[in-house]
Amino acid sequence: SVPDALAMLAAGGVIIVVRTLTEYERGHIPGARLVAITALQPSAIEAIWGHDPLAMLDPETASKAIVVVSSTPAHAAAVTHLLRDQGLNAYSLAGGLMGWVRDGQVLLPGPPR
């Protein structure tokens, strides 16, 4: 749920968006990271946190919540399963972007940072 996702973010989790660049630019959750599904293998940690040496060395990184948003609920569920298979703490955002907006949250346009 959106309240659960917000709590996970407040505790240091991340939101990843597994959509096209065009879809991301039309509107995304503030702070969400655009990640290509092909980049999630072999190392989802590197795909999500980049080449940040602190993230790669931090034993807490793998336990941080990862909230997955995608084009469809089935795609988000598949990505969530892929991340969990790598031992990561992944969750699919119930309702996706539309659920986020219905819950009164905003979407931002523009490119990834």
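Values quoted throughout were computed directly from the atomic coordinates according to the rules given, and no laboratory measurement underlies them. Since this is a predicted model, take the numbers as computed values, not measurements. Cβ atoms come from the backbone with ideal geometry, glycine included; neighbour counts cover every protein chain shown.
A few comments on the model shown:
- Other residues lying with their Cβ under 10 Å from the Cβ of G12 contribute a combined charge of 0, Lys and Arg counting +1, Asp and Glu -1.
- Segment R102-E25, extension gain: residue separation times 0.36 nm, minus the distance between their alpha carbons: 25.8 nm
- Going from the residue with the fewest nearby Cβ atoms within 10 Å to the one with the most, Y24, Y91 rank Y91, Y24.
- Close amide H pairs (under 5 Å, H built 1.01 Å from N) link G13 with A65, residues at least 5 positions away or on another chain.
- For region 11-26, 3J(HN,Hα) computed residue by residue from phi via the Karplus equation (6.51, -1.76, 1.60; θ = phi - 60°) reads 8, x, x, 10, 10, 10, 10, 10, 9, 7, 4, 4, 4, 4, 5, 5 Hz, glycine and proline entered as x.
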